[in-house]
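The values are calculated or read from the model by the stated rules, or taken from the named source; none is laboratory data. Just so we're clear, the structure is a prediction, and the values are computed from it rather than from any experiment. No Cβ is skipped: glycine too gets one built from the backbone with ideal geometry, and neighbour counts run over all protein chains shown. Ligands, DNA and RNA are stripped out before the accessible areas are found, and what is left, the full protein with its side chains, is counted by its heavy atoms. Shrake-Rupley method; radii C 1.70, N 1.55, O 1.52, S 1.80 Å.
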Amino acid sequence: MGQVKKYSHPGSARRYARFQPKGRQVDIDALEEVQALLGERSRQRDLLIEHLHLIQDHYGCLSAEHLTALAHDMRLSLAEVYEVATFYAHFDIVKDGEDLPKITVRVCDSLTCEMMGTQKLLAELPSLLAGKARVVRAPCMGRCDTAPVAEVGHHHIDHATSQTVAEAVDGGHLHPEIPPYTDFDAYTADGGYERLRQCMDGKHKVDDVIEQLESSALRGLGGAGFPTGRKWRIVRGYPGPRLMAVNADEGEPGTFKDRYYLERDPHRFLEGMLIAAWAVDAEASYIYLRDEYPAIRALLLEEIPKLEAEGLCGNRKVVLRRGAGAYICGEESAMIESIEGKRGLPRNRPPYVAEVGLFGRPTLVQNVETLYWVRDIIDKGADWFASQGRNGGKGLRSYSVSGRVKQPGVKLAPAGVTVRELIEEFSGGIQDGHEFKGYLPGGASGGILPASMGDLPLEFGTLDKHGCFVGSHAVIILSDQDSAKDAALNLMRFFEDESCGQCTPCRVGTEKAVKLMAQSTWDQSLLEELSCAMTDASICGLGQAASNPLRCVLKYFHEDLS
């Protein structure tokens, strides 16, 4: 306890006062270090997460002294800073006296990586890297086609082995590798940004562009599938000023299509984004990029200034914001909270973000792949896109295919393709020595279906009656060598870890479900009752859909329960 001094106050009993205020005091050296890092950057509240990243990137962790100094410098309460820093998985906070290794190795333990050997890595690496790096489990890194995956610092290792991870640690390979991509010069040389220029010059009318999108049947391809043209019209109908937020936080296990397009052709996406911002008259576009994609962040930081230099942004700002490891921020209102520098807690609705979104303004939220198709639809026409479907579907879809197929990856296929067609026509067939047993049609939350139901169209609305959905079109293939029961447990552990904790049905329900599912024999009636409570009472889609894989196992995979 600190020193105290006695004092008297007229009309009161004797009291005691400290020489200094209560709470953790600002360390002058830490404050100078934080101020030197931030430099001339703004201290506005919504930059809190960006500034936390800045400190961690430099020092490798977040110390109590630096957090206190940041709170002081940004004029925030220490509680505000701590609640944000502790919410996100990628912030490493060290306790007083604790000494973390400077290198962190994250090993993906999501379903596809689990199928391909994650447990072996997690068993071998801690002793192999003792004293050199700490090894932690991590959720899906968006590289399921190259499973198992590890990340050393910000350097990803595909098809990881203990040897390749150790070599990266010993060699100091901590930075992302930027893959070859179509840069600004190459994109414009091929006619890029001509549609945007035509829009800005008045050669295209807003209503005509929106009508074209409506006729094309383009939908939101982040999971919800809301018609794109209708959404633009709704947002434009609210009084300005308006904003736009791009959801590039594809954290759904099994999903990696947005990474695929951003790493190869980022300007096609950026042109679609700027056309959308023009159509709804958004003053700024915020790109919320998951922290697991450091290479994409590096290339966007390189390319976005080129747009501004060419005047392609007009009077609109393009702002790149960095996530910090939170699956829940794929939910649009949680993403908006995170962009505002807060914990990613989903909002109660109504009001919807189209009316009251980012910073309280009407906000257009779109997924990366949705915007990727805007240029082609304007260029080639609505009929070109709408006519691409199969089995009743309309348009093109990018399916992230992983698991027991010979050629995993992003497969551009007609909307409505079946999983059998996807496997045989686009993915090289099932791996040798394996037999097709089942599949996840829509990532972790989309449920699990048996191979006997492999002829259902993979399109919005077609799987609802079976307790499943296509969501972001992440398809994971299971074989006879996989247990659907074990797969469901892996997915429920993911939801338990990623629940934001805001509502009891999700926070407690996922935890209880994991304990029940980890038992050798499932209490099926109790799990059914728990699933109903989670589905009916959770605030957002995470808790509402978390039990879909569990229910599917109970319904379709009786052999795995015996």
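Quick look at the values:
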quantity	calculated
Among the residues listed as S400, S479, S452, the single one being in contact (Cβ under 8 Å) with a residue 60 or more places away in the chain, small (G, A, S) and either out of contact with any Pro (no Cβ under 9 Å at 6 or more places or on another chain) or open to solvent by 10 Å² or more (accessible area, probe 1.4 Å) (or both)	S479
Residue list for region 224-233, filter: assigned to a helix (DSSP H, G or I), open to solvent by less than 70 Å² (accessible area, probe 1.4 Å) and not polar (S, T, N, Q)	G229, K231, W232
So F359, is it in contact (Cβ under 8 Å) with a residue 40 or more places away in the chain, open to solvent by 10 Å² or more (accessible area, probe 1.4 Å) and part of a helix (DSSP H, G or I)	yes
Qualifying positions in region 384-424 - among the hydroxyl-bearing types (S, T, Y) and in contact with a strand residue (DSSP E or B) (Cβ under 8 Å, 6 or more places away or on another chain)	S398, Y399, S400, S402, T418
Of residues in region 279-333 being assigned to a helix (DSSP H, G or I) and acidic (D, E), the one least open to solvent (accessible area, probe 1.4 Å)	E303
Filtered residues of region 105-129 (kept if open to solvent by 20 Å² or more (accessible area, probe 1.4 Å) and in contact (Cβ under 8 Å) with a residue 12 or more places away in the chain)	R106, D109, E114, M115, M116, G117, K120, L122, E124, L128
Filtered residues of region 199-223 (kept if assigned to a loop (DSSP other than H, G, I, E, B) and open to solvent by 80 Å² or more (accessible area, probe 1.4 Å))	D201, K203, K205
Looking only at region 257-278, and only at residues there that are more than 27 Å from G240 (Cβ to Cβ) and open to solvent by 10 Å² or more (accessible area, probe 1.4 Å), the one that is nearest to the chain's Cα centre (by Cα)	R259
Residue that is farthest from G438 (Cα to Cα) [pool: residues in region 472-482 that are at pLDDT 95 or above and out of contact with any Phe, Trp or Tyr (no Cβ under 6 Å at 6 or more places or on another chain)]	A474
Among the candidates R242, R268, R230, residue that is in contact with a helix residue (DSSP H, G or I) (Cβ under 7 Å, 6 or more places away or on another chain), in contact (Cβ under 8 Å) with a residue 40 or more places away in the chain and farther than 15 Å from Y372 by Cα	R242
Residues within region 429-443 that are open to solvent by less than 10 Å² (accessible area, probe 1.4 Å) and farther than 22 Å from C552 by Cα, tallied	1
R343, sole failed condition from (1) open to solvent by 50 Å² or more (accessible area, probe 1.4 Å); (2) out of contact with any helix residue (DSSP H, G or I) (no Cβ under 6 Å at 6 or more places or on another chain); (3) touching a residue at least 60 places away in the same chain (Cβ under 8 Å)	(2)
